[in-house]
Structure formats: structure tokens, C-alpha cells
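*Asks:* Here's a structure for you.
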């Protein structure tokens, strides 16, 4: 239930206590029960007949200069989370979301700028191995990651700088 009442907006339903799924004999057992964050309210909704997915979408920014638009383009990789009843529907929904995000505008020099959906880079089903708040994961083999963490991980100062740059766009 989506509500505009700020007092009710973040109140979990009785079956949503501390992220745990209550066992209820009256509820049909279908696949892996999952939670989905409400699009605007931040509230969690139970969707027993759907599987949670994450898709990595690729977009490009193309500026129409009236001639060659160049081979190198600014790109965005966007991870979206959603639910679908099947794998094929999940792919279709990811493509729909990508196409819906396309737009165009004129820049300050009067050129048309196109934000275009290129396609799906990757997609995954977020099953029982993923926590309710997980959005993506990659499993990779690395050489001595704990011993090399100072070389692999950016420091807190660099992370803060990255966040600051991203919020000022």
C-alpha cells in the first residue's frame, strides 16, 4: 500500500519486522519470497510470486554536431533493481526501463544531445544468497586481496571525494 501520509509512509506491515519473513501457513509457497522497496515511499512490499532482479544498463551521451559525432562517447552504467515473474520478463522489463530513460535536449551551444539506451550489459537474479538491501554482487578471483587491500581499495578520503563529485553533477 502506497500512502502519502508521512506518519504511515515508513510503518512496516506486521509481516515485515526487522527484515525477516514471517512463516505464514495461509500464504502460498511460490519460489523464494522477496521484498521490494517501494518506488517513492521507501516502504517494503512483499511479493511472493516474483523474483528480484538487478540489471546493469548501458547508456551513451551523443552530441549531434552535424557531421561526425566521434567514436569515443561518455557512457553511463546504471544498475536497476526490480521484480519479475520470469527471466524472460525480467529482460523485457530491463529493456523497457532503459528505453524509458532515453531523452534529448539542446546544450548551451545549441547542439542536440541524445542520452541513448545501448542495451543490457549484465543481469542477475538476486536469490536467497542476496540480502534484502543488496543491489548487485560480483564474485571474482583476486590475488591476496586482504594482504593487498591498501593497493586495491580507495581510502576514505578518495571515497568522500568521489561522492562529492557525483553529487555536484
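Taken together, the values in this text are just the output of simple stated rules run on the coordinates, not laboratory data. Model, not experiment: these values are computed from the prediction. Cβ atoms come from the backbone with ideal geometry, glycine included; neighbour counts cover every protein chain shown.
*Asks:* So, in segment 110-128, of the ones that are touching a strand residue (DSSP E or B) at 6+ places or on another chain (Cβ under 9 Å) and in a loop (DSSP other than H, G, I, E, B), which residue ends up nearest to residue 52 (Cα to Cα)?
*Replies:* As a first pass, look at segment 110-128 and keep what is touching a strand residue (DSSP E or B) at 6+ places or on another chain (Cβ under 9 Å): 111-127.
Restricting the remaining residues to those that are in a loop (DSSP other than H, G, I, E, B) gives 111, 126-127.
Working: 111: 40, 126: 5, 127: 7 Å.
The qualifying residue nearest to residue 52 (Cα to Cα) is 126.
*Asks:* Inside segment 79-94, can you point out the residues that are assigned to a helix (DSSP H, G or I), out of contact with any strand residue (DSSP E or B) (no Cβ under 7 Å at 6 or more places or on another chain) and surrounded by 13 or more Cβ atoms within 10 Å (Cβ to Cβ)?
*Replies:* 89, the sole residue that qualifies.
*Asks:* Hey, another quick one. Would you be able to say whether some residue in segment 89-107 is over 30 Å from residue 49 (Cβ atoms) and in contact with a helix residue (DSSP H, G or I) (Cβ under 9 Å, 6 or more places away or on another chain)?
*Replies:* The answer is no; no qualifying residue exists.
*Asks:* What's the number of the only condition in (1) free of Cβ contacts under 8 Å to residues at least 40 places away in the same chain; (2) assigned to a helix (DSSP H, G or I); (3) in contact with a strand residue (DSSP E or B) (Cβ under 7 Å, 6 or more places away or on another chain) that residue 97 fails to meet?
*Replies:* Only one criterion in (1) free of Cβ contacts under 8 Å to residues at least 40 places away in the same chain; (2) assigned to a helix (DSSP H, G or I); (3) in contact with a strand residue (DSSP E or B) (Cβ under 7 Å, 6 or more places away or on another chain) is unmet by residue 97, namely (1).
*Asks:* Going through segment 48-73 one residue at a time, which ones are touching a helix residue (DSSP H, G or I) at 6+ places or on another chain (Cβ under 6 Å) and surrounded by fewer than 16 Cβ atoms within 10 Å (Cβ to Cβ)?
*Replies:* Matches in segment 48-73: none.
*Asks:* Moving to a separate point now. Kindly indicate whether any position in segment 149-165 is surrounded by 11 or more Cβ atoms within 10 Å (Cβ to Cβ), in contact (Cβ under 8 Å) with a residue 40 or more places away in the chain and assigned to a helix (DSSP H, G or I).
*Replies:* no
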